[in-house]
Amino acid sequence: MNIAFIIHNQAETGPYWKVLEQCAAYVKLGHSVTLFCTSKSQRWRSQTILREGGVRVIETPDLLWGKLRQGVDLWNAFVRCRIAKKLHAEAPFDVVHAVDCRPNVIFPSLYVQRRLRVPFVLSWWDLFGKDSTRFGKGFAMTVGSIEGWLETGFRKYADGATTITSYLAARLRELGYPQERIEIHHLGVDTTQEPLSYSAARVWLQNEQGISQEENVLCFAGTIYEADFTLLIKALDILKQRNIAYKLVWVGKHEIAADICQAYNIFRTGIVPTMQEVYRYFAAADACILPMEVNDANAARWHSKTTDYLNAGAPVALTPVSDFPKYFAENDIGWLSASGSPEDFAEALMQALRERHLRETRSHNAREFMKRELDVMAIAARAIRFYERTITLKSPKEQR
């Protein structure tokens, strides 16, 4: 197949790397992939790059700047349409797969579908609109209203639809989209690389950062929303009140005040240059953590850091968000708090530290779960089958 994959994100930011990993898996399966994303700086010219893994990446220009380069520039959308037409004339696309509905995604996708007669698959990966609680009521009543219209208004035009969670699949059905054209596709991970063992990772952590092998170590990666950080701090307050000793290793650049770090035993790594080193921190943790409020926004998302934790062999303590409750109930891969309250999350953290002696067993379980359920090649093969089914379901009249 010749596949056009379209995202609104800037190159090398946000979900770009996960999408690129999925596209590279398509190439390994024998398909050709062109990934459209937004340039980090160009305003007038596009740039074509052949990435490692054989994916052709086209970075399209955007007239806006900074955080405004998020898929709303119509110049960006126009350039994508023009490039897609040229590439289709040279080697026709078999399917176009778009993620979410920002203008620079939906307009080129509909152009390729309607003018070039290419079947169109549309994914729903997040909930940002007026029904999301992520940014508060003020956002929901203003920009969120526009975002909500974009998220829902165009989905009926897709020939096939995937969602990243069961929550979004249910929302799609509520919009009247036919069930037989929907599948839930989580984001996969490359499971071929064996991570460091827990014991070897603890030696590495002591040598690199001076954190003793006897210390209880929790780990979190990346950025966090303020409400979720508040949940975490309240849970850590409970650990402190009960004299539970721990060190929280925070992997990545997220800014935290020095007095907060000192008060809650947070060790910040700063920017970590490679995923291999990131995985070493995960592998050295007694538990990696996902403190997320239980709300519609977090129910809709697929929290990829959790699958990265598990892929590194780290069991996870988390609140009941996304589709993880199902997987954690069926597999011994971590600790699911009874609710999203600080008290219940604190109990999950304490249980994780009490069961440190089971760390190696849960590490094995986590790796086996990832290989069985969320390997990127298996996810890619499933997506290809869905493309083929979508093309078949598209009626002869629609294809003309």
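The values are calculated or read from the model by the stated rules, or taken from the named source; none is laboratory data. What you are looking at is a predicted structure, and each value in this text was computed from that prediction instead of being measured. No Cβ is skipped: glycine too gets one built from the backbone with ideal geometry, and neighbour counts run over all protein chains shown.
Here is how the numbers come out for the structure above:
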| read-out | value |
| --- | --- |
| In region 332-354, residue farthest from PRO195 (Cα to Cα) [restricted to those that are in contact with a Lys or Arg (Cβ under 8 Å, 6 or more places away or on another chain) and assigned to a loop (DSSP other than H, G, I, E, B)] | ASP332 |
| Identity of the residue in region 291-309, free of Cβ contacts under 8 Å to residues at least 60 places away in the same chain and in contact with a strand residue (DSSP E or B) (Cβ under 7 Å, 6 or more places away or on another chain), that ends up nearest to ALA366 (Cα to Cα) | THR306 |
| Filtered residue count, region 300-326, keeping only those that are outside any loop (DSSP other than H, G, I, E, B) and of a type in the set (Gly, Ala, Ser) | 3 |
| So ARG372, is it touching a residue at least 60 places away in the same chain (Cβ under 8 Å) and either in a helix (DSSP H, G or I) or closer than 25 Å to ALA297 by Cβ (or both) | no |
| Residues satisfying the stated conditions in region 179-222, i.e. surrounded by fewer than 15 Cβ atoms within 10 Å (Cβ to Cβ) and touching a His at 6+ places or on another chain (Cβ under 9 Å) | GLY222 |
| All positions within region 150-182 that are outside any helix (DSSP H, G or I) and in contact with a Cys (Cβ under 8 Å, 6 or more places away or on another chain) | PHE154 |
| Selected residue (only one of ALA329, ALA297 is surrounded by fewer than 24 Cβ atoms within 10 Å (Cβ to Cβ), outside any loop (DSSP other than H, G, I, E, B), touching a Ser or Thr at 6+ places or on another chain (Cβ under 9 Å) and at pLDDT below 95) | ALA297 |
| Region 60-88, residues that are among the polar types (S, T, N, Q) and either at pLDDT 95 or above or within 10 Å of ARG43 (Cα to Cα) (or both) | THR60, ASN76 |
| Some residue of region 126-136 being at pLDDT 95 or above and not polar (S, T, N, Q) | no |
| Residue count, region 224-259 (criterion: surrounded by fewer than 12 Cβ atoms within 10 Å (Cβ to Cβ) and assigned to a helix (DSSP H, G or I)) | 4 |
| Top-ranked residue in region 254-290 [being among the aromatic types (Phe, Trp, Tyr) and in contact with a strand residue (DSSP E or B) (Cβ under 8 Å, 6 or more places away or on another chain); ranked as farthest from LEU196 (Cα to Cα)] | TYR264 |
| Filter result (surrounded by 14 or more Cβ atoms within 10 Å (Cβ to Cβ) and of a type in the set (D, E, K, R)) within region 344-355 | ASP344, GLU347, GLU355 |
| Residues of region 27-65 satisfying the condition of being of a type in the set (Gly, Ala, Ser) and either in a strand (DSSP E or B) or surrounded by fewer than 16 Cβ atoms within 10 Å (Cβ to Cβ) (or both) | GLY30, SER32, SER41, GLY53, GLY54 |
